[in-house]
Amino acid sequence: MADNKLFEGKVRAIFSAGDDKLLIVTTDRISAYDVIMPTPIKDKGIILNSLSMFWFDLTKDVIKNHVITTDIAEYPEPYKNDESLKGRSMLVKKLKMIPFECIVRGYITGSAWESYQKDGTVCGHKVAPGLVESDKFPEPLFTPSTKAAEGHDINVDYEYMANELGDELASKIRDKTIEIYNICADYAAKHGIIIADTKLEFGLDENGELVLGDEVLTPDSSRFWPAADYVPGKGQSSYDKQYLRDWLSNNGYKGKVPAPELPDDVVKATRDKYVEAYEILTGKKFEA
């Protein structure tokens, strides 16, 4: 497989699977503060892959997605029936990827809250005064960013994206991003989870049609908050890797390279949060 590897990210690896197909493999690696931890989180890759597939299926009538199959028996050689890929991979259609992260924010938190405190704006949007941390926006905000090959992505406004892609494509991406968020956020709310924000990625197929790709609404690409604990005016407890970030910060390891080996209790607590989010959202018991 190594000979066919095209890309190795913090969590995912992408392999060639023919002229028009790719194999995306989601590992158990976890990163925080842009540093990959040396200790994996058992089954994390399977959970992320399974959640993405859940959302791809939920939104398939809204927009086409890149998934061909997750059945290893249907994979081409040399991946066919490779048990190491089971549950943590997907065979997908190769797309011409849009060079922007398509971020939608339903609640004011993270960098959006920091920006708002400084000048009352969020990624170029003038936002109503008087909001407190974790407040819900009156309407979700579309706040794209560039996709940096190295370092951090850069937040840009919609006009910048429209100048790069053209008004027709940019407006379609914006509208689909918000539509997908609204559908999934409404679903999650009915199951006790607030989706505060998320990022999506799109590409164009061979016919120039917009297609949803990459991962969708996982704890790595989104902020999931337990609705029962939600109280505006402060940071929220979450189902994502914030627990790990907090542990690193509290122990003086924030951004430190090399990262430390993670204690068993931190690994277990992090895994438990991923499993809990999966089970609440899908209604299925997680079985690796």
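The values are calculated or read from the model by the stated rules, or taken from the named source; none is laboratory data. Just so it is clear, the structure is predicted and the values come from calculations on it, not from any experiment. Note that each Cβ is placed from the backbone with ideal geometry, even for glycine, and that neighbours are counted across all protein chains shown. To get the accessible areas, we keep the full protein, side chains included, count just its heavy atoms, and leave off ligands, DNA and RNA. Shrake-Rupley method; radii C 1.70, N 1.55, O 1.52, S 1.80 Å.
A full extension of the chain between ASN81 and ASP153 corresponds to an added length of 22.2 nm, given 0.36 nm per residue minus the alpha carbon distance.
The value of relative contact order for the stretch 109-187, using C-alpha pairs under 8 Å at least six residues apart, is 20 percent.
Rounded, prolate or oblate for the stretch 1-59? Axes are the square roots of the Cα gyration tensor eigenvalues, ordered a ≥ b ≥ c, and the cut-off for rounded is a/c under 1.5. It comes out oblate by the Cα gyration axes. Using a Gaussian network model of the chain in which every pair of alpha carbons under 10 angstrom is joined by a spring, one finds that among LYS42, LYS80, LYS93 the greatest mean-square fluctuation is at LYS80.
Between GLY87, GLY255, GLY208, the GNM of the chain built on Cα springs shorter than 10 angstrom shows GLY208 fluctuating the most.
Given +1 at the Cβ of Lys and Arg, -1 at the Cβ of Asp and Glu and no other charges, the dipole of the chain around its Cα centre is 560 debye to the nearest 20. Using Cα-Cα distances under 8 Å and only pairs 6 or more residues apart, what relative contact order does the chain have, in percent? Relative contact order for the chain comes out at 20 percent. Computed from phi, the 3J(HN,Hα) profile of the stretch 209-215 under the Karplus parametrisation 6.51, -1.76, 1.60 (θ = phi - 60°) reads 8, 6, 9, 7, x, 6, 10 Hz, with x in place of Gly and Pro. In this rough spin-label picture, where each label sits 7 Å from Cα along the Cβ direction, the LYS268-ALA128 distance is 4.5 nm.
Classify the stretch 184-278 as rounded, prolate or oblate from the Cα gyration tensor: take a ≥ b ≥ c as the square roots of its eigenvalues, call it rounded if a/c is under 1.5, otherwise prolate when a/b beats b/c and oblate if not. It comes out oblate by the Cα gyration axes.
Net charge dipole, the stretch 27-125: roughly 160 debye, given to the nearest 20, about the Cα centre with Cβ charges of +1 for Lys and Arg and -1 for Asp and Glu. Once all protein chains are placed together, ASP167 keeps about 110 Å² accessible to a 1.4 angstrom probe.
Ordered by solvent-accessible area of protein heavy atoms (1.4 Å probe), largest first, the residues THR26, THR70 come out as THR70, THR26. Spin-label model, PHE7/LYS64: points 7 Å from Cα along the beta carbon direction are separated by 2.0 nm. Charges were assigned to the Cβ only: +1 to each Lys and Arg, -1 to each Asp and Glu. The resulting dipole of the stretch 132-288 about its Cα centre is roughly 720 debye.
Scanning residues 5 or more positions from PHE137 or on other chains, those with amide H under 5 Å from its amide H are TYR107, ILE108, with H placed 1.01 Å from N in the peptide plane. Across the protein chains, with a 1.4 Å probe defining accessible surface, the residues MET53, MET97 rank MET97, MET53 from largest area downward.
Extents of the stretch 76-149, taken as max minus min of Cα coordinates on every principal axis and listed largest first, are 57, 24, 21 Å. With a Förster radius of 25 Å applied to the beta-carbon distance between GLU279 and VAL231, the computed FRET efficiency rounds to 0.55. Over the chain, the reciprocal of the mean inverse Cα-Cα separation, the Kirkwood hydrodynamic radius, stands at 19.9 Å. Taking square-rooted eigenvalues a ≥ b ≥ c of the alpha carbon gyration tensor, is the stretch 152-200 rounded, prolate or oblate, where a/c under 1.5 means rounded and, failing that, a/b exceeding b/c means prolate? Taking the square roots of the gyration eigenvalues as a ≥ b ≥ c, the stretch 152-200 is oblate.
Helix content alone sets the calculated 222 nm mean residue ellipticity of the chain: runs of n ≥ 4 DSSP H residues at -39500 (n - 2.57) each, divided across all residues, give -9500 deg cm²/dmol.
Here the stretch 135-212 and the stretch 61-86 have alpha carbon centers that stand 25 Å from each other.
Here the Karplus curve 6.51 cos²θ - 1.76 cosθ + 1.60, taken at θ = phi - 60°, turns the phi angles of the stretch 156-167 into couplings of 10, 8, 4, 4, 4, 5, 5, 5, 7, 9, x, 4 Hz, with x standing for Gly and Pro.
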